[in-house]
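One structure is given here, and the rest of the page talks about it.
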Amino acid sequence: MPFITVGAENSAPIDLYYEDHGSGQPIVLIHGFPFNGATWEKVSGPLLDAGYRVITYDRRGYGNSAQPTFGYDYDTFAADLDVLMTELDLRNTILVGHSMGTGEVTRYLGAYGSERVDRAVLLAPLAPYLRQAPDNPEGVEASVFEGFKQAIVQDRFAYLTQFCDAFFNYSENKGKLVSEEAYRAHWEIGARASAIATLNSVDAWGTDFRADVSRIDVPVLIVQGDKDNVLPYPKTGQRLQPLLSDSRLVTLKGAPHGTPWTNANEVNQAIMEFIGSPSMAKARA
């Protein structure tokens with residue numbers, strides 16, 4: 001399995017597991033919490049079919065990557081992405097993030113610029129600023145984040161069940177947009193994540209990305225369900241789009257947070273049209 005080293009903890013390297021398939025313009029897919037690159041399968045396949053080079057990687061603490069006890073903040077996550085981009089010498093890249101993965105895309109563009117990036121796709125974004133603050137009254141109260149952390153400490157596996165329920169809007173979409181087997185697979189992937197990463201990532205969700213957003217100078221596609229019960233649509237995607245001068249917002253009516261699985265056809269169509277493959281978008285719709 002291929003790995004890229006992004007640091008060290010005592011005697012152990014911090015290695016990120018990645019997969020690099022196909023040829024053509026590179027697309028980097030960055031997964032959501034608390035999963036890994038395997039959850040992109042309904043998106044990566046069509047992109048490969050359309051002639052793109054598709055790279056997925058597991059964030060530190062998740063999947064097959066190393067599980068250090070530190071580095072669960074967006075400065076570090078973006079630095080990890082920069083190592084990947086540099087080591088693979090990716091250019092003219094399309095960055096695609098889902099949920100927590102949109103934070104890497106946003107902070108990377110804010111901190112490292114767009115020299116290696118052609119455009120970006122944000123699926124159910126964290127930006128611009130999720131946590132409530134005196135200058136951000138539209139955000140989510142800090143007590144909500146603390147409640148998540150307490151639930152993870154008390155029983156991480158029970159919390160994962162609650163999270164997957166919200167991720168899929170499971171009571172509404174079971175047997176329709178998501179099967180019991182797919183739900184269970186996502187839960188099991190989440191359970192394999194580091195306990196420390198699962199807990200400490202909650203603080204990262206409250207990152208203020210407003211300065212990063214102001215520096216983004218590439219076209220951006222935002223795709224989000226208006227029934228997102230993890231990252232509320234009015235506080236995230238709907239609020240973010242007007243802050244980006246070159247952006248498009250695609251609202252998926254009735255869709256939950258986990259759209260790369262539940263609404264893959266609509267997500268793929270939106271991405272294909274945005275990156276210039278309308279014929280493939282129509283074929284997959």
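Of the DSSP beta bridges with both residues in the chain, give the percent that are antiparallel, rounding to the nearest 5. Don't jump to the answer; show the numbers that get you there.
Working: 12 of 39 bridges.
The antiparallel fraction comes to roughly 30 percent.
Could you rank the peptides 264-276, 157-169 by their average count of other C-beta atoms within 10 Å per residue, with the highest value first?
Put in order of decreasing packing, that is 264-276, 157-169.
What residues from the stretch 26-50 fall in the zone where the backbone N is under 16 Å from a label point 7 Å along the Cα-to-C-beta line of Asn265?
From the stretch 26-50, the list is 42-43, 46.
Between the alpha-carbon centers of the stretch 122-163 and the stretch 172-213, tell me the distance in whole angstrom.
A separation of 11 Å, based on Cα centres.
Full-extension gain between Lys174 and Asp246, please, as 0.36 nm times their residue separation minus the C-alpha to C-alpha distance.
Full extension of this stretch gives 22.3 nm more.
Quick check: pseudo-label points 7 Å beyond the Cα along Cα→Cβ at Glu9 and Asp73, how many nm apart are they?
If labels sit at Glu9 and Asp73, their model points lie 1.6 nm apart.
Any idea which of Asn263, Val202, Val230 is furthest toward the positive side of the dipole for the stretch 182-285, if Lys and Arg beta-carbons carry +1 and Asp and Glu beta-carbons -1?
Checking the options against the dipole of the stretch 182-285, the answer is Asn263.
At 7 Å along Cα-to-Cβ for each site, give me the label-to-label distance between Asn136 and Lys253 in nm.
With each label point 7 Å from Cα toward Cβ, the separation is 3.2 nm.
Order of Ser171, Ser194 from fewest to most other C-beta atoms within 10 Å? Don't jump to the answer; show the numbers that get you there.
Values: Ser171 7, Ser194 20.
Ranking Ser171, Ser194 by Cβ neighbours within 10 Å, fewest first, gives Ser171, Ser194.
Please give the length that would be gained between Thr86 and Arg192 if that part of the chain were fully extended, namely 0.36 nm times their separation in residues minus their C-alpha to C-alpha distance (nm, one decimal). Write out the running numbers ahead of the final one.
On the way: separation 106, 0.36 × 106 = 38.16 nm, distance 2.81 nm.
Gain on stretching Thr86 to Arg192: 35.3 nm.
What shape does the chain have by the C-alpha gyration tensor, where a ≥ b ≥ c are the square roots of the eigenvalues, rounded means a/c under 1.5, and otherwise prolate means a/b greater than b/c and oblate the rest?
Details: a/c = 1.18, a/b = 1.07, b/c = 1.10.
Here the chain falls in the rounded category.
Points 7 angstrom from Cα along the Cβ direction at Ala38 and Ala158: gap in nanometres?
Rounded to a tenth, the inter-label distance reads 2.6 nm.
Report the calculated FRET efficiency for Asp217 and Gln150 (r = Cβ-Cβ distance, R0 = 51 Å), to the nearest 0.05. Don't jump to the answer; show the numbers that get you there.
Details: r = 40 Å, r/R0 = 0.78.
Efficiency, rounded to the nearest 0.05: 0.80.
For Asp75, Asp228, which order do you get if you count the other beta carbons within 10 Å of each Cβ and list the fewest first?
Details: Asp75 12, Asp228 24.
Ascending Cβ contact count within 10 Å gives the list Asp75, Asp228.
Can you sort Thr262, Thr86 so the residue with the fewest Cβ neighbours within 10 Å comes first? Numbers along the way, then the final one.
Values: Thr262 23, Thr86 12.
With the sparsest Cβ surroundings first, the list reads Thr86, Thr262.
Every number here is computed from the coordinates shown, using simple stated rules; none is lab data. Keep in mind that this is a model prediction, so the values were computed, not measured. Note that each Cβ is placed from the backbone with ideal geometry, even for glycine, and that neighbours are counted across all protein chains shown.
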